Every structure is written in structure tokens, then in C-alpha cells.
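The values are calculated or read from the model by the stated rules, or taken from the named source; none is laboratory data. The structure displayed is predicted, hence computed values, not measured ones. Because the Cβ atoms are built from the backbone with ideal geometry, glycine has one as well, and the counts that use them run over all protein chains shown.
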Amino acid sequence: MVSTFEWMVAMRYLRARRREGLISVIAWFSLLGIALGVATLIIVMAVMNGFRQQLLDRILGLNGHLNIYGTVSVLTDFDPLAGQARLVPGVVSVAPIIEGQVMVTARGVARGAVVRGMRPADLARRAIVADNLSDGSLAEFATDDAVVIGARLAGALGLSVGDRVTIIAPQGNVTVFGTVPRLRSYRIVATFLVGMYEYDSSFVFMPLSAAQTYFRMPNAVSNLEVLIEDPDRAPEVAQRISDAIGGGASIHDWQRANSSFFNAIQVERNVMFLILTLIIVVAAFNIVSSLIMLVKDKGRDIAILRTMGATRAMIMRIFLVSGASVGVIGTMAGCALGIAFAENIETIRQWIQGLTGTELFAAEIYFLSQLPAEIDFVEVLAVVLMGLGLSFLATLYPSWRAARIEPAEALRYE
């Protein structure tokens, strides 16, 4: 245990006088370095967690957890197959889907898009779309000429609810004059804004029956989209569905379809953690240098304390407390700063954008329209413990060196 005397001496050594001003400056920079290192690490880890979770929610919310495909290009007799899949434990819903690449055009502007045909009831149950309508409603979606498009796509085309958009299919109609593009006009009944740029700027939903007519797939669909209770158990549920429906279909889970994307995020997250940890390590080395200078400057004081009865252990504890105090204060300050910044990061981004007049987080580049942050307090605890551990380790050598000073030798050279 550290005695009151040892605390008093340690705190006095941290309060530099004029002659020891450089030591105090180094100690303050060490404290600031640890605080900034811990805060930056917490903020970056929170942002990386937020990115992964937001992308996961949006990708899975719009695309489903499992997809059942036929052995050929289309899936026929899909309703009996969907009924069998719904009976599998863990399955929440099964929706037949038609999906195809198209060109959408209006007012002389053309954009590439993805058309997804769904039954009106299935789209209404898809919360990520139904709960994020920016204009219009799904009440008129059942009509054959109705479509729901992304708000960014509508903005790029200069359209709003009630306007008509022309959809052009890449597979045209073959006539005696050659291949004529297949096109049809549809009425926009609603627009959605889910917060992911790729979806908001390129997705078009139309009723399944209209999609079957447009893509010339009567009584057939592209695939069945399956939502399950626990996305992390997708491979296990996929095996159950495969056993239930037998052969004649292939099942792909979201982990396989997006593995490269989420693996890249995980690798980037780990690399950022290692790089930012070096900031804390550098600050810990600053503690070492400041304590070594303090020990050298206080050699005579240490010798006098030893002659007055202070043991080597007492001297070592004095300098341990001096160095550890810098680390503890810096780590706690950095933890508070990091959590506060991460909790308000979107507000801070908006304020900086308004102040500088520049866009700091372009949705076209970063997929999401807002800067996400999700604090994992287990990770925060790990960062704090790492900061405290490095700070403590940084004090060991200077403290040991101070305890090894011989009083006679120190007083002789003073």
C-alpha cells in the first residue's frame, strides 16, 4: 500500500518548479498524448462498429438472409416451395422475388437501376422500406403500373410522387426490323430513403405480377427471399430448408454473398486498432523519458530521503505513483472525451460541415448518408485497461532506477 507520505512526495514531484519546468512540460505532453490516443481509439472503433452494424442492417433488411434459387434461370412452382420453407423452424417469412437490371429514364435523364418485383403484402412487411417512405404511401402499390423508387433516384431524374418514369429492359423485342428495346411507363406512388446510397439511388420496386409481365416470366420468379430469426445462424437454417424442400433448388446465405465485403471491414478495423495503439505506446515512452529526467534531477533528494530512513521500496512507490498518475488521468480523460465525441459524432460532423462549407461524409463514397457510431463498452474497457497497463509498465524502469540510487554516490557528486 502507498502511504500518505509517498503520495505527498509523488504529487510534489509532479508540480514542477521553475528549474524543473521542462520535466513538467514533458509530463503534460505525456498526459495529453495518452488522452488523445485513448479517445481516438475509442472513436475509431465506435465508428467502425457503427459502419458494420448499419451496413449489416440495411443489406439484410433489403436483401434477406437466405435466397433460394432454381436449378435453371428461373424458379417455377415457387408457392409450394415457399410454403415448405415457411414451416422450417427459425424462418420468419418467405417472399417470391423477381429481380432484373434496367435503365430508367425521364425528362431526358437516364440512370441504371435494379427492379425488384414483390407482392404488395411482402413489401409492406419489409420494415426497412415501409418505415422509411419519404413521400407517398404503399396503398396504391397493388396496381400494375405502380412503382416505388429510391428518393435519390427520383431526385436525380427530377421526379416526385405522381410522375411517370420509363423503364427500359436490356432484353428487347425481336422484330423484322431488328431488336427493339422493351420499354414501359410506370407511375411513382411512393419514394423511400433507407439511408444507404446504393439502394436510395438505384432500386425500383414494382408489384410481382407486373414484374412477371415486364420480364416475361409468367408463373415464375427469380428466387425466394427468406428472413430468419437469427441471421448469424443462416448456414444452419439453410441446411434445414434444404432438407425440407429436397433437391431442385440451391440456397445461398448472406454470409457467403457478402463475405468479402465484411471481411474487408474487419481487416480495416483490426489495422486501425493496431495503428492507433501506437499513439498510446508513444505517449507511454514520453512517461518513461519524463520520469528518467525527474529521477536524474531528484538524485540528491532521493539520497536525503534514503538517509532519513526511506527504503528502496518507498522510493520506488513514489515514482510509480508519479508516473501512474499521469497515465491514469490521461486514460480517464481520453475515455470521457472519446465516449462524448462518439455519442455526438453526427452533430459534430454537421457543425464542422456548416463551419467549413465542405461535405465531410459523401454518401456516394461511404454508402451511408449519416456518420454512424456504436460504442461497445467491452471494447472501451479493453482500451482503458490497455492505456493503464502501458502507463504502469512505463513507470517500472525509472522507478527501479530511482530505488537503486546509492545515497553516498548521489551526495558525493552533488
Residue pairs qualifying under the 6 Å Cβ cut-off, at least six apart or on distinct chains, with the first in segment 76-105 being in contact (Cβ under 8 Å) with a residue 24 or more places away in the chain and the second being assigned to a strand (DSSP E or B) and among the acidic types (Asp, Glu), are ALA95/GLU225; ILE97/GLU225
When every residue in segment 74-99 that is at pLDDT below 85 and part of a loop (DSSP other than H, G, I, E, B) is compared, the one farthest from ASN223 (Cα to Cα) is ASP77
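Within segment 192-208, is even one residue at pLDDT 90 or above, part of a helix (DSSP H, G or I) and farther than 30 Å from GLY50 by Cβ?
At the first step, the residues of segment 192-208 found to be at pLDDT 90 or above are 192, 203-208.
In the following step, the residues that additionally are part of a helix (DSSP H, G or I) were identified as 208.
Right, trim to farther than 30 Å from GLY50 by Cβ and you get 208.
Yes, segment 192-208 has at least one match.
So, in segment 216-246, how many residues would count as being part of a loop (DSSP other than H, G, I, E, B), touching a residue at least 60 places away in the same chain (Cβ under 8 Å) and either charged (D, E, K, R) or surrounded by fewer than 22 Cβ atoms within 10 Å (Cβ to Cβ) (or both)? Lay out the reasoning, then the answer.
From segment 216-246, those part of a loop (DSSP other than H, G, I, E, B) are 216-219, 222, 229-230, 246; that's our starting set.
Subsequent filtering for residues that are touching a residue at least 60 places away in the same chain (Cβ under 8 Å) retains 217, 219, 222, 229-230.
So of that shortlist, the ones also either charged (D, E, K, R) or surrounded by fewer than 22 Cβ atoms within 10 Å (Cβ to Cβ) (or both) come out as 217, 219, 229-230.
The qualifying residues number 4.
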Per the list (1) in contact with a Pro (Cβ under 8 Å, 6 or more places away or on another chain); (2) hydrophobic (A, V, I, L, M, F, W, C); (3) touching a residue at least 60 places away in the same chain (Cβ under 8 Å), residue check on LEU138 breaks on (3)
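What are the residues in segment 100-122 that are small (Gly, Ala, Ser) and assigned to a helix (DSSP H, G or I), if any?
Kept after step one, since they are small (Gly, Ala, Ser), are these residues of segment 100-122: 100, 106, 108, 110, 112-113, 117, 121.
If the condition is that a residue be small (Gly, Ala, Ser) and assigned to a helix (DSSP H, G or I), then ALA121 is the only one that fits.
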For GLU414, the lone unmet condition from (1) surrounded by 15 or more Cβ atoms within 10 Å (Cβ to Cβ); (2) modelled with pLDDT under 85 is (1)
When (1) outside any strand (DSSP E or B); (2) within 23 Å of PRO235 (Cβ to Cβ); (3) polar (S, T, N, Q) are applied to ASN67, the one that fails is (1)
By residue number, the members of segment 383-401 that are of a type in the set (Gly, Ala, Ser) and loosely packed, with under 15 Cβ neighbours inside 10 Å are GLY389
